[in-house]
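Here the structure comes first, spelled out in structure tokens, and everything after it is commentary.
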């Protein structure tokens with residue numbers, strides 16, 4: 001492999017300039033629908049090839065050399081994150097059975113410690129649901145350490161906890177661990193009465209585990225060669241007999257999962273493609289019984305189901321996007337039906353164009369509806385009465401931007417509802433809502449040390465106009481003294497795929513940007529779910545280009561309104577958001593000083609053309625099938641970042657990837673950077689950093705993650721001229 005190396009000169013700041021690695025070219029022909037594409041860097045796909053590893057290591061060395069002058073700034077940002085974080089802390093306890101469950105963090109430890117303590121026997125009524133006020137630095141009477149992730153991570157460069165599931169009686173814990181980053185877990189079982197591990201050990205599982213009601217069996221999933229969870233197994237605790245395959249989905253478009261209803265009366269297998277759903281149910285007290293189909297799948301219809309007791313009768317709650325009164329219910333409707341005849345549905349909530357129903361969580365005495373309206377999440381509580389349904393109440397919050405959602409509510413019959421509320425300037429607040437009285441009881445606010453005051457910052461909703469006249473929401477957050485007339489440095493984040501919504505959330509680390517005068521913005525582009533199902537539908541398959549042009553429209557709006565300037569703005573996106581910013585780098589490089597991207601999906605056509613790659617067939621409903629459809633092939637080729645690299649000036653680019661990522665393979669950014677380096681003009685820095693022992697989520701361990709954030713933010717600040725701020 002041809003690699004230039006060595007120090008060639010020194011710029012004005014005294015930092016040695018190391019020559020960029022130049023990847024060799026090995027022409028590989030790809031022919032589809034009569035189109036010939038010559039891929040000169042496809043050879044980088046073989047990570048068993050020593051030349052490939054040598055190239056990635058050379059890129060890492062180059063990136064390290066080109067960012068060495070930021071060491072002091074990185075250290076400062078890391079120290080700021082650390083100083084603002086209460087390192088020794090614990091979560092708000094959640095009641096389940098006879099115990100309060102919570103997790104602890106300790107100064108100097110990378111991972112959490114999971115614990116429980118007994119519920120006091122001398123309290124009754126609502127007081128019995130008031131979590132104990134545990135102090136982070138004091139011993140808790142009767143505390144039992146259930147799982148110490150720091151111990152499990154010892155001797156490993158990577159650690160991820162997958163399943164963490166208790167039997168109904170609280171005697172058993174099923175947990176799984178990934179020590180590589182490839183999202184294949186080893187499932188184990190612990191007797192919480194003795195602390196002993198069973199000899200049962202199941203390798204190669206997907207993350208979850210679901211118990212039968214009597215705690216004798218555990219259901220889990222495995223994946224196929226393309227990483228698709230496709231099979232559900234039943235394991236009898238302590239048995240040496242082979243596990244039983246209870247369900248297998250052969251259609252590669254579908255993803256399989258298993259769980260229990262909130263009441264724990266039923267086990268439920270969910271089978272989902274991007275556009276079609278099916279559920280199978282089984283009484284949880286009959287774990288060796290046969291699952292039965294709740295409603296047969298119908299192409300293009302998605303549904304979810306839960307169990308509720310309405311007026312003393314067991315019923316299934318079903319929310320779906322099928323046809324109602326001759327009209328497709330794009331944003332979903334809610335119905336209920338008898339458990340012995342789920343097709344006999346009674347409509348409870350009709351379709352609304354402005355409200356996207358997302359989840360329904362039934363409790364013994366009420367339902368919780370989670371939905372979004374006006375690009376914000378909402379929660380409403382709907383009481384259940386002896387005669388049926390009471391009057392719904394939406395919870396209101398005095399914030400322009402916020403995100404609210406369900407917290408940990410493991411019990412079916414409980415007089416309180418745990419919820420979480422946050423915003424860009426509001427640290428996470430944990431409340432217990434009391435449906436009977438309407439009281440909202442604050443249990444904890446995320447501590448932020450170092451004199452943080454939310455009143456020093458402001459958040460705001462703005463709107464840009466897309467090419468076709470659609471209004472695109474933009475969320476903005478900044479320090480108040482940064483709201484002057486002069487354009488400010490700005491980090492513009494976007495995602496725009498899979499109906500994923502980028503909701504307001506508080507970030508301790510982002511204060512290191514805001515306090516230095518940067519503005520943080522989110523472009524809520526089509527392809528996401530912020531504005532409902534049609535917002536998603538108009539940013540996928542053959543309308544995908546809207547995702548990219550919406551982002552460009554948001555960037556232009558921010559420049560035209562004087563909030564920022566093109567030479568002071570950095571675009572940021574990861575995974576499918578990496579596709580977004582990678583495409584935008586080709587469409588409008590003049591609008592940005594830099595492009596930051598993590599595990600970017602920048603070679604989508606090559607991946608989606610190969611059914612043997614992880615998740616490809618499942619993805620056809622998102623992007624289209626370029627193998628079968630020439631129009632899809634040509635459309636994807638027209639926006640693919642890798643295939644549209646041309647000889648022109650690009651912004652500074654930092655691409656970060658992981659060698660063991662099973663979702664977006666490292667080869668995509670490796671090829672993209674190699675082609676950019678050989679093709680682009682100008683002297684803006686082009687950097688690739690590969691984590692050699694991590695997966696899709698990047699490095700593990702909170703201190704390592706803080707270091708990674710500090711690395712990225714230092715680069716961003718340097719790119720917009722704030723490295724000395």
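The values are calculated or read from the model by the stated rules, or taken from the named source; none is laboratory data. Fair warning: this is a prediction, and the values are worked out from it, not measured in the lab. Note: ideal-geometry Cβ built from the backbone for every residue, glycine included; neighbour counts use all protein chains shown.
Of the residues making up region 347-394, those that are under 17 Å from residue 504 (Cα atoms) and not in a strand (DSSP E or B) are 374, 375.
Restricting 226, 263 to those that are closer than 21 Å to residue 360 by Cα and assigned to a loop (DSSP other than H, G, I, E, B) reduces the list to 263. Would you mind stating whether residue 216 is closer than 30 Å to residue 313 by Cα, in contact with a strand residue (DSSP E or B) (Cβ under 7 Å, 6 or more places away or on another chain), surrounded by fewer than 17 Cβ atoms within 10 Å (Cβ to Cβ) and touching a residue at least 12 places away in the same chain (Cβ under 8 Å)? For residue 216, the condition - closer than 30 Å to residue 313 by Cα, in contact with a strand residue (DSSP E or B) (Cβ under 7 Å, 6 or more places away or on another chain), surrounded by fewer than 17 Cβ atoms within 10 Å (Cβ to Cβ) and touching a residue at least 12 places away in the same chain (Cβ under 8 Å) - is met.
Considering only region 291-312, I want to know if a residue exists there that is out of contact with any strand residue (DSSP E or B) (no Cβ under 8 Å at 6 or more places or on another chain), farther than 18 Å from residue 341 by Cα, without any contact (Cβ under 8 Å) to a residue 12 or more places away in the chain and surrounded by fewer than 18 Cβ atoms within 10 Å (Cβ to Cβ). There is no residue in region 291-312 that is out of contact with any strand residue (DSSP E or B) (no Cβ under 8 Å at 6 or more places or on another chain), farther than 18 Å from residue 341 by Cα, without any contact (Cβ under 8 Å) to a residue 12 or more places away in the chain and surrounded by fewer than 18 Cβ atoms within 10 Å (Cβ to Cβ).
Let's see how each residue does on (1) farther than 17 Å from residue 363 by Cβ; (2) in contact with a helix residue (DSSP H, G or I) (Cβ under 6 Å, 6 or more places away or on another chain); (3) in contact (Cβ under 8 Å) with a residue 60 or more places away in the chain; (4) surrounded by fewer than 17 Cβ atoms within 10 Å (Cβ to Cβ):
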{"position": "407", "(1), (2), (3), (4)": "no, no, yes, no"}
{"position": "413", "(1), (2), (3), (4)": "no, no, no, yes"}
{"position": "419", "(1), (2), (3), (4)": "no, no, no, no"}
{"position": "423", "(1), (2), (3), (4)": "yes, no, yes, no"}
{"position": "429", "(1), (2), (3), (4)": "yes, no, no, no"}
{"position": "432", "(1), (2), (3), (4)": "no, no, yes, no"}
{"position": "457", "(1), (2), (3), (4)": "yes, no, no, no"}
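Restricted to region 168-210, and to residues that are in a strand (DSSP E or B) and touching a helix residue (DSSP H, G or I) at 6+ places or on another chain (Cβ under 9 Å), which residue is nearest to residue 701 (Cα to Cα)? Looking at residues that are in a strand (DSSP E or B) and touching a helix residue (DSSP H, G or I) at 6+ places or on another chain (Cβ under 9 Å), I get 177. Condition check for residue 109 on (1) touching a strand residue (DSSP E or B) at 6+ places or on another chain (Cβ under 8 Å); (2) assigned to a loop (DSSP other than H, G, I, E, B); (3) under 27 Å from residue 690 (Cα atoms): one failure, at (1). For residue 181, the criteria (1) over 25 Å from residue 108 (Cβ atoms); (2) modelled with pLDDT under 95; (3) buried (at least 19 other Cβ atoms within 10 Å of the Cβ) hold in every case but one, which is (1). For residue 533, indicate whether it is farther than 16 Å from residue 423 by Cα, touching a residue at least 60 places away in the same chain (Cβ under 8 Å) and assigned by TED's automatic domain parsing to the domain that holds residue 570. For residue 533, the condition - farther than 16 Å from residue 423 by Cα, touching a residue at least 60 places away in the same chain (Cβ under 8 Å) and assigned by TED's automatic domain parsing to the domain that holds residue 570 - is met.
For residue 213, the conditions (1) under 19 Å from residue 410 (Cα atoms); (2) outside any loop (DSSP other than H, G, I, E, B) are fulfilled apart from (2). Please determine whether any residue of region 686-702 is more than 30 Å from residue 111 (Cβ to Cβ) and either crowded, with 19+ Cβ neighbours inside 10 Å or outside the structural domain of residue 519 (by TED's automatic domain parsing) (or both). Yes, region 686-702 contains a residue that is more than 30 Å from residue 111 (Cβ to Cβ) and either crowded, with 19+ Cβ neighbours inside 10 Å or outside the structural domain of residue 519 (by TED's automatic domain parsing) (or both).
Of all the residues in region 292-332, those that are under 30 Å from the mean Cα position of the chain (by Cα) and not in a strand (DSSP E or B) number 13.
Residue-wise test of (1) in a loop (DSSP other than H, G, I, E, B); (2) more than 23 Å from the chain's Cα centre (by Cα); (3) modelled with pLDDT under 95.
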{"position": "669", "(1), (2), (3)": "no, no, no"}
{"position": "684", "(1), (2), (3)": "yes, yes, no"}
{"position": "709", "(1), (2), (3)": "no, no, no"}
{"position": "713", "(1), (2), (3)": "no, no, no"}
{"position": "723", "(1), (2), (3)": "yes, yes, yes"}
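Scanning region 620-631 for residues that are within 24 Å of residue 225 (Cβ to Cβ) and touching a residue at least 40 places away in the same chain (Cβ under 8 Å) turns up 620, 621, 622, 623, 624, 626, 627. Considering 595, 608, the condition of being within 24 Å of the chain's Cα centre (by Cα) and under 25 Å from residue 716 (Cα atoms) is satisfied by 595 alone.
Okay, residues lined up against (1) within 30 Å of the chain's Cα centre (by Cα); (2) closer than 30 Å to residue 198 by Cβ; (3) crowded, with 19+ Cβ neighbours inside 10 Å:
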| site | (1), (2), (3) |
| --- | --- |
| 248 | yes, yes, no |
| 254 | yes, no, yes |
| 276 | yes, no, no |
| 343 | no, no, no |
| 347 | no, no, no |
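Can you tell me which residues in region 485-498 are surrounded by 20 or more Cβ atoms within 10 Å (Cβ to Cβ) and assigned to a loop (DSSP other than H, G, I, E, B)? Those that are surrounded by 20 or more Cβ atoms within 10 Å (Cβ to Cβ) and assigned to a loop (DSSP other than H, G, I, E, B): 488, 489, 494, 495, 496, 497. Is at least one residue of region 70-85 within 29 Å of residue 434 (Cβ to Cβ) and surrounded by 19 or more Cβ atoms within 10 Å (Cβ to Cβ)? The answer is no; no qualifying residue exists.
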